[in-house]
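Below is one structure, written out as structure tokens, with a few remarks after it.
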Amino acid sequence: MSSLTNLIDLQNITKVYQSGMSEFHALKGISFQLMRGEMLALVGASGSGKSTMMNIMGFLDHCSTGNYIFAGENVSRLTDQELAITRNQKIGFVFQSFFLLPRLNALQNVMLPLFYREESPAVARTKAMTILKKVAMDKFIDHKPNQLSGGQQQRVAIARALVGDPDVIFADEPTGALDSKTGEEVMNLFLRLNQEEGRTIVIVTHDKEVSQQCQRVVTLKDGLIVCD
Ligand SMILES: Nc1ncnc2c1ncn2[C@@H]1O[C@H](COP(=O)(O)OP(=O)(O)OP(=O)(O)O)[C@@H](O)[C@H]1O
Ligand SMILES: [Mg+2]
């Protein structure tokens, strides 16, 4: 179960995007800590910097300045290759549009992150089956994404995020493409993973129904945290 140790420590993080001659300051000095076992909603208006902050925390992108301490280690200056390895081993991602590979069936989609880790196919298969059962998708393992409903695709995507036993799951608008009932089911799955397994989860959302169910809500405005 969760213990209250610090997983993420952002120290005065900035992100500047260069486009042509102009610069855009998307994050203007973010200091933020996330404990293991927390379930957090990241909210704020469109363009406030939520995805930018999540992408930096999830090793998809570099910060411009500041320090990022992950599990006690300073990861601010990792190379792209080191970022990719850390991301594969430590992070699970869930996106609004699922991003399942259309040619692979549900089982193969969930096994994929383990192939990048060079797990044997037999081990990968067993782990993927266990997780698919957990998200109640074990009856659909040979379905391709286009043979699944939106909610079912998102459950497969959550299984894919979980299969590598990540330290934290980042979900960017995971219910944004779902009708309200299906969104509620997906949210219940996240709540169960947090409460029963102590999974650390960060959800970016515009939906009050979703953020209200999280222990902690952090609000961004114009690249700064204005409420925590
Ligand atoms: N690659 C990029 N190049 C230039 N500007 C960018 C880039 N990515 C994001 N931005 C800008 O940074 C700001 C923050 O973007 P971000 O995607 O983090 O917002 P957000 O809070 O996730 O918004 P939304 O709720 O619409 O998803 C926006 O003004 C955006 O235009
Ligand atoms: Mg966004």
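Throughout, read-outs are computed from the coordinates displayed, never taken from laboratory work. Note that the structure is predicted; figures quoted are calculated from it, not measured. Glycine also receives a Cβ, built like all others from the backbone with ideal geometry; neighbour counts cover every protein chain displayed.
Remarks
- Principal-axis analysis of the Cα atoms of the chain puts helix 180-197 at an angle of about 80° to the longest axis.
- Toward the positive end of the charge dipole of the chain, with +1 on the Cβ of Lys and Arg and -1 on the Cβ of Asp and Glu, the farthest Cα among 84, 72, 220 is that of 84.
- Most mobile of 169, 85, 56 in a GNM of the chain (Cα contacts under 10 Å): 85
- For the residue pairs 90/127; 127/208; 28/90; 50/127; 90/221; 50/181, alpha carbon separations beyond 23 Å are given by 127/208; 28/90; 50/127; 90/221; 50/181.
- Each listed q (0.11, 0.19, 0.22 Å⁻¹) maps to a log10 I(q)/I(0) for segment 95-228, found by the Debye formula over equal Cα scatterers with no solvent: -0.40, -1.08, -1.36.
- Helix 80-90 vs. the chain, principal-axis angle (Cα, 0 to 90°, nearest 10): 50
- C-alpha long axis of helix 106-116 to longest principal axis of the chain, angle in °: 50
- As a rough guide to protection, the peptides 188-194, 73-79, 34-40 ranked by mean Cβ packing within 10 Å, highest first, stand as 34-40, 188-194, 73-79.
- Anisotropy class of segment 167-228 from Cα gyration tensor, a/c 1.5 cut: oblate
- Under Stokes-Einstein, with the Kirkwood radius over Cα pairs as Rh, the value for the chain at 25 °C and 0.890 mPa s is 136 µm²/s.
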